[in-house]
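The block underneath contains the structure these notes are about, expressed in structure tokens.
The values are calculated or read from the model by the stated rules, or taken from the named source; none is laboratory data. Computed from a predicted structure; not experimentally measured. Because the Cβ atoms are built from the backbone with ideal geometry, glycine has one as well, and the counts that use them run over all protein chains shown.
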Amino acid sequence: MAELLDMDRLCVRDTRHIILSELTMHVGRGEKVALVGESGCGKTMSIRTLLHMLPDDVSVTSGSLTFDGTDVLSLRSHQLRQELYSRVGFVAQNTSASLHPLLRISTQMTDFYLERHRGVRRSQAVEKAAGILRSLGMRDVERVLSSRPDQLSGGMRQRINIAIALMDDILLLVADEPTSALDAHVRRQIEEVYISLAERSCLAMLLVSHDLGFVRRMADRVYVMYAGKMVEEGLVDEIFSAPVHPYTRSLIALANVKYKNKDEDLAQLGGFVPVVGRESRSCAFASRCRYERADCMADVEYRRLSDTHYVRCWR
Amino acid sequence: MKRITPSLAAGITLVCIVLIPALVSLFCMPYDPQAMDLHSRFAAPSAQHLLGCDHFGRDLLSRLMEASRLALASGLFSVFLGALGGIILGIAAALGPKWLETMLMRLADALMAFPTILTALALAAILGRGTAPSIIAICVAMIPTFSRLTYSMVCEGRASLYVRAARSYGAGPLRIAFCHLLPSLMGRLVTQLTSSLGSAVLLESSLSFLGLGIQPPSSSLGMMLSEARAYVLTHPYQALPPGLVLLVMVLGFNLLGDGLNDLIFDRRRAVHG
Amino acid sequence: MGKYVLGRIASALVVMLLVSILTFLVLDLIPGNAAIVAVGVEGSAETLARLEAGLGLDRSLPQRIADYYRGLISLDLGTSSYYAQDVWSLIKQRLGVTIPLALLSTAISFSCALILGSLAAYRRGGLLDGICRTIVQLAGSIPSFWLSLLLLILFSSVFSVAGIGDYVPPSVSIRGYVTAVFLPVIVLAVGQLGPMLRLVRSSMITSLGEDWYASARVKGLGRGRLIFVYALRHAISGPLTLCGNQLAKLLGGTAIVESIFSLPGLGRLFLTAVEMRDLQLVQGIVIFITALVVLMNLVFDILVHLVNPAADSREAGGA
Amino acid sequence: MARRLLTFLILFSAFLLASCSGGQDDGAATGAAGGTESRVRMAVTVDPDGLDPHMSASASTFQVTSSIYETLVTVDEQGNIIPSLAESWTVAGDGMSITFSLRPGALFSNGNKCDARAVAASFQRLLSESVRSQDYAFISSVEVVDDTTVRFNFGQLNVVALSTFAYPWAAVVDTSCADDLRTSPVGSGPYMLSSWIPQQSLVLSRNPNWNGECGIDQVEFVMMPDMTGQVTALRNGQVDIILITGDLVGQFEDDARFTVNALAGNGLQLMAMNNASAGLDDVRVRQAINYAVDKDAVIEAVWWGYGEKIGSHFPVVLSEYIDMNDLYPYDPQRARQLLAEAGYGEGELTLRMYLPRSYQEYVNAGQVIAAQLEEAGINVEIQIVEWATWLSDIYNGRQYDLTVVGHTGRLDAYSLLARYRSTAAENYFNYSNDVVDALLDQYNTTVDDAARMEIAHRLQEILAREVPALYIQDPIQIYVTTSRLEGFSVFPINIFKFNEMNFV
């Protein structure tokens, strides 16, 4: 059976730099996949490519992207609603900014649904929204539905965003940093929402995160990205118990030491994610790598370790 | 440096189109703009009079050159003075004591609501003949814009980190205003200054149109238009050249202001990116 | 909210007091008074003195100011010395001309700006956007009196349209009213369009760059609803405030346009009042206009608050 | 929400529109009612300054009030005195009183009797309260002889007394409503006020108590400040009478639909000089200025040649007029020579010229004259001032060197020239000449017509020679009417007789 999402050697660039270089990734039906990496390494850009949300000056130069048998890259803007957005749900990174600040939750949850399902009455749609909110563990649903975003807490808004994604019968839920920017208590609640959702449904999920603890609990498989390239991929156990790439190792090591802002800890590692030179076939991590040696500058190939485990490193 | 945006280029071009003849008029003009030749009243454009003549047979081109020089000069003067006054008042309101702030801001409101026509009349009564009354009247009309802009920007800046830092090591309000705040506001002010030139020129011409601006025999664009208005039925062409010059001048300044704004905004974005 | 409104009204009263004292001072400063104008080039010094006494002009400035405010407290704007009519009834007469004119032109420019500005922001860099930016620049730079003259030449000389410059109240002839008001409305609307269109476009561009816009789009919301409900709803508070300012300015009368098109509006009344040194009338109009400006800004701030309850108070207070 | 907002705006504007137009109904309805009646519409630039003839000095008032009120006598086109409210009159042998016999049964528009008592009351008011009470100071008492006879006794001899009763400011008003006359006039004339919306229109309708001839049922004065608007309105048949400037004559001259009436009025336009200011106190400088200015060119440049050049303070239409134009012809050489004699070389004399903004023609004339004076070596600094400022600083304050202005017509030499009396308040020229003072005294008491004519001629001559002002022209007023309108005529004083017009 074909994969639900198939990203093959995707290259994306803006006017100056290459952003994604030959990115390959796939998500099976019902599979929960995580995409991890530091900020600025191209995670968000790769899901934006999938959702046709690229900024004006960014374009796809080569590669292919198929979702549920549809060639996503060739979709025209008027086809997006029917071909893509009805089957992919998306929860954006900054959840409080992704709700319209002035419209009631009930309106925001049902507007697009009503447009897509002609003949459905508003009250029916609101009923459905309420049901979904309840299933996500929301209390006091009526009050929430008649509120505006600024009257709700961050955790509530997050749940609403998930609920909006679930209004349609989607095949894939894409969540960009679903738990960042939340305080510890709320973060735990939202994690539970995702985990119970993952357990209950046969929905495929693509989580973008640098919260490795969450990833470990949620995901079936993990992709590790660095500077616009995949550096390692594998089943959760493979990645967490036997990481190969020094980058993966340092991410996991840092996650075990502290449970704090990952960016800061990585910064202690020294250096930043490079912006230029992503097209080069050498190892982009070399400059920050403890194990750097001469052949890191040469063509570093994506090696197969097992059927599921691949890595881009000599080690 | 930065690339020059189309609106900046267009602005510079348009301003030059009026600026160059205006500067040339300081040294030479085709005719004396005040010399009447009653035989060539309403003369059509010809080799002798490139733009024709007005109702007194005065050469339109020469009058336009003189008028645009006066318009530019009075625009520059009044905006400069108005900006200076507005900035000082704005800073005083933002950094001064609460009562001063309230007083100055209500005064700015009152000035904004006060009819410019009355200001111009009062100043003409005090200062008498010449261009000074209308320049100061426009300047007074400009003050509230600048004082409010400065006020709000200083208020924003007051809360910013570097100002708090400066205050913490004991810098006085004046030092904060002139060494820390003003430089960072300069870009915004320069933009406002340029586009205010356009509105100042417009205001001057409407005062002149009502007869409250520059006095004859000197020419001004508004006066030329109001004279042309009397002959709209018989010589409609007369209304065209002064209005076009005015349009080009104001358009030029507005585009220039926009272009500068883009330039400054671009720089900011470059710093952030 | 009530406290906020009260505060605004209080500061408005201060502004009106300042403005009217300024007016007194200015009218005292400029040469000539109502009696001199009434006597003209005829009449003797005794006549002049008698008329001045009749108008109360022989008393000191503080006395006259005090008298005026005493009347004002009982909502009496006094009597015009030139028209010998109640100042308020004179102003009221003019509003019948000025208010529809201001509302029509504001409505036209506001709706044009909303539609054009939204579409231009949506297709940023496209043809419509280019046209819009040209309109912004041209409409913002064209002197209204020149545009009036050009239109007047075009319509009355070239097209020979009857009825321009001959104001007829709509109760007498709707057609006559429309022909008389048509051109001034266009001139005034063009004058407002520039800044309004610019503001709508830029706030729409901001709105279109917001996360919720992207999310709503990804949810598959239709384009029309996306632009004209989601984005515009968010972008409208700035334009609405500007609309209030513009409307207030127009309600104060537009002397030049009114006199070019012979409309009996408030602006022309003001010019005549100043010319005739009709102190009561000048005062009345100045105070009325100031009150109107304050009131309009307040009304539109409240409107902004209704549309956008989440807007922070700084925005509302700074308007 | 956007839709609700839009709805709100639409409703709001509809409400305002409705409420505003509602407010005007009462004023306009009467205008609309006269659809089938004959109505003449005249375009005017400014509102009347109230409709009380005793309390105004403005020409715009009298062109309206002359149809609402009646004067005891009136004038024909040539300036001859003809009966009006008074059917006949007799001047006493010694010239010290006039007795008028009033038209019996005359009524004011409110139904009150307009009899001898009303006339006397009206004149009492004129003498005590009017702006012009000074002009009537010669009247010592007003005597009611019987219901239709009223006698005016004079304190001093005034041979031109009769003509003073023809001026529109001597109209008979109903003193029982004296306080409201400015806005609700009550007179015995052919028309009464039906509505007045300032700066919009003023409508007169027939006075039901008027029994005389009346060919027009309604008169509407339409306020149109803009000449273009007036011309288009006339062309489109929206108005019937307009007053135009000379450059527009060509537009109507050959058009059978319009009649052009170009008639010399009874006014005077001149450039006054301050005879007390440095330089101008020297008669040679004033003469030089007269030599330096080409009056024909000024009249051509400003009035398109529509004006009668004058050399003294006297309108050409009056019978006492003599032509003094040849005294100082245009001669710039002579001007320079005279200036040099007076001690002023090229560019050494600088004069301040003030021009009243409300009168564009005077502003234009001032600019042309200034340009000509500059050519003769006199510097001129122009300042344009508001009318009120002009009245206060220039006319009353006499702070000026040169100014261009016009004077309205009078019917006799004394009223015209009284302002040259050295003590007169109106003498803004600061002109002082004992001979003139004496001649003026003599004029009023000279009963013999020929001798009086002689005095008028001498006065004109002296003024022409000493030139306290640069006399420019007696303006020609150009009225254009639709050809359908008959009976339109212009009078030597500022009145209209709409009741004598009719449509064909």
Quiz item: Quick one: in segment A:85-108, which of the residues that are within 24 Å of A:Met7 (Cβ to Cβ) and touching a Gly at 6+ places or on another chain (Cβ under 8 Å) is surrounded by the fewest Cβ atoms within 10 Å (Cβ to Cβ)?
Solution: A:Ser86
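Among the helices (runs of 4 or more DSSP H) confined wholly to segment A:78-154, which include 2 or more residues that are touching a Leu at 6+ places or on another chain (Cβ under 6 Å)?
Values: elements: A:105-116, A:122-135, A:141-145.
Per the criteria, A:105-116, A:122-135.
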Quiz item: Of all residues in segment D:173-187, how many are under 13 Å from D:Thr61 (Cα atoms) and surrounded by fewer than 23 Cβ atoms within 10 Å (Cβ to Cβ)?
Solution: 2
Quiz item: In segment D:275-360, which helices (runs of 4 or more DSSP H) lie fully inside it and hold 1 or more residues that are out of contact with any Ser or Thr (no Cβ under 8 Å at 6 or more places or on another chain) and without any contact (Cβ under 8 Å) to a residue 24 or more places away in the chain?
Solution: D:295-303, D:332-341
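For segment C:71-90: of the residues being without any contact (Cβ under 8 Å) to a residue 60 or more places away in the chain and within 14 Å of chain D (Cβ to nearest Cβ), which is farthest from C:Met276 (Cα to Cα)?
Quick first cut of segment C:71-90, residues without any contact (Cβ under 8 Å) to a residue 60 or more places away in the chain only: C:71, C:73-76, C:84-86, C:89.
When the remaining residues are screened for being within 14 Å of chain D (Cβ to nearest Cβ), the result is C:84-86, C:89.
Numbers: C:Ala84: 12, C:Gln85: 14, C:Asp86: 16, C:Ser89: 18 Å.
The qualifying residue farthest from C:Met276 (Cα to Cα) is C:Ser89.
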Exercise. From (1) part of a helix (DSSP H, G or I); (2) touching a residue at least 12 places away in the same chain (Cβ under 8 Å); (3) within 14 Å of chain C (Cβ to nearest Cβ), pick out the condition that doesn't hold for D:Val249.
Key: (3)
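For segment A:26-71, give me each residue that is closer than 24 Å to A:Thr248 by Cβ, over 12 Å from the mean Cα position of the chain (by Cα) and not acidic (Asp, Glu). Full working, then the answer.
Applying the first criterion (closer than 24 Å to A:Thr248 by Cβ) to segment A:26-71 yields A:26-28, A:31-50, A:63.
Imposing the further condition that a residue be over 12 Å from the mean Cα position of the chain (by Cα) reduces the set to A:26, A:28, A:31, A:38-41, A:63.
Selection gives A:His26, A:Gly28, A:Ser39, A:Gly40, A:Cys41, A:Gly63.
Only one residue in C:Gly32, C:Gly54 is surrounded by 14 or more Cβ atoms within 10 Å (Cβ to Cβ), within 14 Å of chain D (Cβ to nearest Cβ) and in contact (Cβ under 8 Å) with a residue 24 or more places away in the chain. Which one?
Details: C:Gly54 fails: in contact (Cβ under 8 Å) with a residue 24 or more places away in the chain.
Of the residues listed, the single one that is surrounded by 14 or more Cβ atoms within 10 Å (Cβ to Cβ), within 14 Å of chain D (Cβ to nearest Cβ) and in contact (Cβ under 8 Å) with a residue 24 or more places away in the chain is C:Gly32.
Residue-wise test of (1) under 25 Å from A:Glu127 (Cβ atoms); (2) within 14 Å of chain C (Cβ to nearest Cβ); (3) without any contact (Cβ under 8 Å) to a residue 12 or more places away in the chain.
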| position | (1), (2), (3) |
| --- | --- |
| A:Ile160 | yes, yes, no |
| A:Leu173 | yes, yes, no |
| A:Gln189 | yes, no, no |
| A:Cys202 | yes, no, no |
| A:Arg217 | no, no, no |
| A:Lys229 | no, no, no |
Self-check item: Residue ID - nearest to the other protein chains (Cβ to nearest Cβ), chosen from residues in segment C:136-181 that are of a type in the set (Ser, Thr, Tyr) and in contact (Cβ under 8 Å) with a residue 40 or more places away in the chain
Solution: C:Ser141
Quiz prompt | Candidate set from segment A:109-156 (those that are polar (S, T, N, Q) and more than 26 Å from the chain's Cα centre (by Cα)); member that is surrounded by the most Cβ atoms within 10 Å (Cβ to Cβ) | solution = A:Ser147
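Residue-by-condition table, conditions (1) assigned to a loop (DSSP other than H, G, I, E, B); (2) in contact with an Asp or Glu (Cβ under 6 Å, 6 or more places away or on another chain); (3) modelled with pLDDT of 90 or more; (4) among the β-branched types (Val, Ile, Thr):
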site	(1), (2), (3), (4)
D:Ala370	no, no, yes, no
D:Glu381	no, no, yes, no
D:Gln399	yes, yes, yes, no
D:Val404	no, no, yes, yes
D:Ala418	no, no, no, no
D:Ala425	yes, no, no, no
D:Leu439	no, no, yes, no
Exercise. Would you mind stating whether D:Thr183 is touching a strand residue (DSSP E or B) at 6+ places or on another chain (Cβ under 9 Å), within 14 Å of chain C (Cβ to nearest Cβ) and either of a type in the set (S, T, N, Q) or touching a residue at least 12 places away in the same chain (Cβ under 8 Å) (or both)?
Key: yes
Practice problem: Give segment D:224-241 a look and list any residue that's outside any helix (DSSP H, G or I), within 7 Å of another protein chain (Cβ to nearest Cβ) and surrounded by fewer than 24 Cβ atoms within 10 Å (Cβ to Cβ), or say none. | Solution: D:Pro225, D:Asp226, D:Asn236, D:Gln238
Quiz item: Restricting the search to segment D:384-401, which residues are touching a Lys or Arg at 6+ places or on another chain (Cβ under 7 Å) and either under 13 Å from D:Ala425 (Cβ atoms) or more than 7 Å from every other protein chain (Cβ to nearest Cβ) (or both)?
Solution: D:Val385, D:Tyr400, D:Asp401
Quiz item: In segment B:81-105, how many are within 14 Å of chain C (Cβ to nearest Cβ) and surrounded by 17 or more Cβ atoms within 10 Å (Cβ to Cβ)?
Solution: 5
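Residues are listed down the side, and each one gets a yes or a no for (1) at negative phi; (2) in the same structural domain as D:Gln360 (by TED's automatic domain parsing); (3) surrounded by 23 or more Cβ atoms within 10 Å (Cβ to Cβ); (4) not hydrophobic (A, V, I, L, M, F, W, C):
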| site | (1), (2), (3), (4) |
| --- | --- |
| D:Leu243 | yes, no, no, no |
| D:Gly250 | yes, no, no, yes |
| D:Ile289 | yes, yes, yes, no |
| D:Leu318 | yes, yes, no, no |
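From the list C:Arg133, C:Arg124, exactly one residue is in the same structural domain as C:Ser202 (by TED's automatic domain parsing) and under 29 Å from the mean Cα position of the chain (by Cα). Which is it? Please lay out each step first, then the result.
Values: C:Arg124 fails: under 29 Å from the mean Cα position of the chain (by Cα).
Step by step, each of C:Arg133, C:Arg124 is checked, and only C:Arg133 is in the same structural domain as C:Ser202 (by TED's automatic domain parsing) and under 29 Å from the mean Cα position of the chain (by Cα).
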Exercise. Could you look through segment D:158-180, keep only residues that are among the small types (Gly, Ala, Ser), within 16 Å of D:Thr71 (Cα to Cα) and in a helix (DSSP H, G or I), and pick out the one that is farthest from the other protein chains (Cβ to nearest Cβ)?
Key: D:Ala161
Self-check item: Close pairs from segment D:106-133: first of a type in the set (Phe, Trp, Tyr), partner not in a loop (DSSP other than H, G, I, E, B), Cβ under 7 Å, at least 6 apart
Solution: D:Phe123/D:Val142
Quiz item: Quick check: anything in segment D:122-141 within 13 Å of chain C (Cβ to nearest Cβ), within 30 Å of C:Arg94 (Cβ to Cβ) and part of a loop (DSSP other than H, G, I, E, B)?
Solution: yes
Quiz prompt | Residue check, D:Ala256 surrounded by fewer than 24 Cβ atoms within 10 Å (Cβ to Cβ), more than 12 Å from chain C (Cβ to nearest Cβ), assigned to a loop (DSSP other than H, G, I, E, B) and touching a residue at least 60 places away in the same chain (Cβ under 8 Å) | solution = yes
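Can you give me the ranges of the helices (runs of 4 or more DSSP H) entirely in segment C:182-263 with at least 1 residues that are under 12 Å from C:Thr106 (Cα atoms) and within 9 Å of another protein chain (Cβ to nearest Cβ)?
Values: elements: C:211-218, C:232-235, C:237-251, C:255-260.
Of the helices (runs of 4 or more DSSP H) lying wholly inside segment C:182-263, those with at least 1 residues that are under 12 Å from C:Thr106 (Cα atoms) and within 9 Å of another protein chain (Cβ to nearest Cβ) span C:237-251.
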Exercise. Can you work out which of the residues in segment B:228-257 that are among the β-branched types (Val, Ile, Thr) and facing chain C (nearest Cβ under 8 Å) is farthest from B:Gly211 (Cα to Cα)?
Key: B:Val250
Quiz item: Only one of these conditions is not met by D:Tyr443: (1) modelled with pLDDT of 90 or more; (2) surrounded by 21 or more Cβ atoms within 10 Å (Cβ to Cβ); (3) part of a helix (DSSP H, G or I). Which number is it?
Solution: (1)
